[in-house]
Amino acid sequence: MGKKPIIGVTAGIIKKNDFVEGPYTHQDYEKSLFLAGAVPLILPIAPDEAIGYYVDLCDGFIFSGGDDIDPRFYDAPPSLNIEPFHTERDASELKLLKQAIKAGKPVFGICRGMQIMNVAFGGTLIQDLPTEWKRPLQHVQKVPRMKSSHSVRLVKDSRLSALLNGRESLYVNSLHHQAVGQIADTLRPAAFAPDGVVEALEHIENDRILAVQWHPESMAAGGDPLMQYLFRQFTEKCVQAKKETV
Ligand SMILES: [Mn+2]
């Protein structure tokens with residue numbers, strides 16, 4: 001006991017019918033964390049006073065995918081093509097992210113999780129790629145979730161590229177209609193789609209902060225070795241961070 005890191009995964013809310021409603025994460029997050037040797041812990045949207053307990057309990061955090069982000073958090077009005085957002089989830093995750101980083105915990109933002117990260121550090125979002133981006137490619141893929149559908153170019157000398165042994169590009173899946181707009185000052189892009197959309201972000205100094213726009217958890221759960229490697233690397237980072245803070 002004690003060697004596997006506990007990794008918190010932020011949950012959204014799903015309503016199945018009038019009688020069934022509750023915290024939701026896609027099971028691929030849990031599957032890929034178990035595969036990587038971590039123990040996942042699903043974190044429901046929490047009141048402020050519970051956030052510190054989440055930070056203490058977990059050795060690292062995945063900020064998961066989900067709905068749009070309420071644009072009030074980056075001082076923009078909702079555009080005509082915004083989809084449903086959940087203000088309470090956004091507020092709760094922004095607090096959790098800031099406290100987790102302050103406590104030195106590794107964080108991995110995925111899809112919406114990358115967007116909330118950019119917003120937390122002061123950046124903005126594109127609210128709807130098809131109508132607000134010049135000549136976008138298809139970012140809501142028409143093939144199963146675990147399959148890749150568009151390429152990304154990794155930024156040379158980025159931490160992400162180094163993590164992947166200097167790779168210059170890879171194919172990823174894509175299930176988003178929002179994207180990073182103005183990048184926060186303390187973050188830098190680590191990957192771009194062919195249409196210029198930001199597909200990965202990393203912190204300029206803190207190597208415990210990484211985010212991707214695609215869904216590596218579904219590719220990993222579907223058997224993709226590169227994405228499984230990404231999860232093992234994150235798990236290892238959580239183990240290291242735990243050792244250093246004890
Ligand atoms: Mn994409």
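Taking a straight Cα-Cα cut-off under 13 Å and skipping sequence neighbours fewer than 8 places away in the same chain, the aspartates and glutamates within cross-link reach of residue 105 are 56, 59, 207, 236, 244.
In the chain, helical runs assigned H by DSSP with n ≥ 4 each contribute -39500 (n - 2.57); averaged across all residues and rounded to the nearest 500, the mean residue ellipticity at 222 nm is -9500 deg cm²/dmol. Build a GNM of the chain with springs between Cα atoms under 10 Å apart, and of 38, 50, 100 the one that fluctuates most is 50. Using a probe of 1.4 Å on the protein chains alone, the accessible area found for residue 24 is around 100 Å². Taking 135, 112 and ordering them by how much accessible surface each has at a 1.4 Å probe, largest first, produces 135, 112. Between residue 138 and residue 50, how high is the FRET efficiency from 1/(1 + (r/R0)^6) when r is the Cβ-Cβ distance and R₀ = 45 Å? Nearest 0.05. Once rounded, the FRET efficiency stands at 0.70.
Accessible area of residue 32 (1.4 Å probe, protein heavy atoms only, ligands and nucleic acids ignored): about 0 Å². Rounded to the nearest 20 debye, the dipole size of the chain about its Cα centre is 760 debye, using +1 on the Cβ of Lys and Arg and -1 on the Cβ of Asp and Glu.
Cα convex hull, the chain: 132 Å³ per residue, rounded to a whole number. Within the chain, DSSP assigns beta bridges of which about 60% are antiparallel (rounded to the nearest 5). The accessible surface of the chain, taken with every protein chain in place and a 1.4 Å probe, is 54 percent carbon and sulfur.
What order, most packed first, do the peptides 204-210, 177-183 have when packing is the mean number of other Cβ atoms within 10 Å of each residue?
Highest mean packing first, the order is 177-183, 204-210.
For the range 1-111, the solvent-accessible area with a 1.4 angstrom probe is 53 square angstrom per residue. At the residue level, residue 87 shows approximately 40 square angstrom of accessible surface with a 1.4 angstrom probe and all protein chains present.
The values are calculated or read from the model by the stated rules, or taken from the named source; none is laboratory data. Computed from a predicted model, the values in this text were never measured in an experiment. No Cβ is skipped: glycine too gets one built from the backbone with ideal geometry, and neighbour counts run over all protein chains shown. The accessibility values were calculated without ligands, DNA or RNA, using every heavy atom of the protein model including side chains. Shrake-Rupley method; radii C 1.70, N 1.55, O 1.52, S 1.80 Å.
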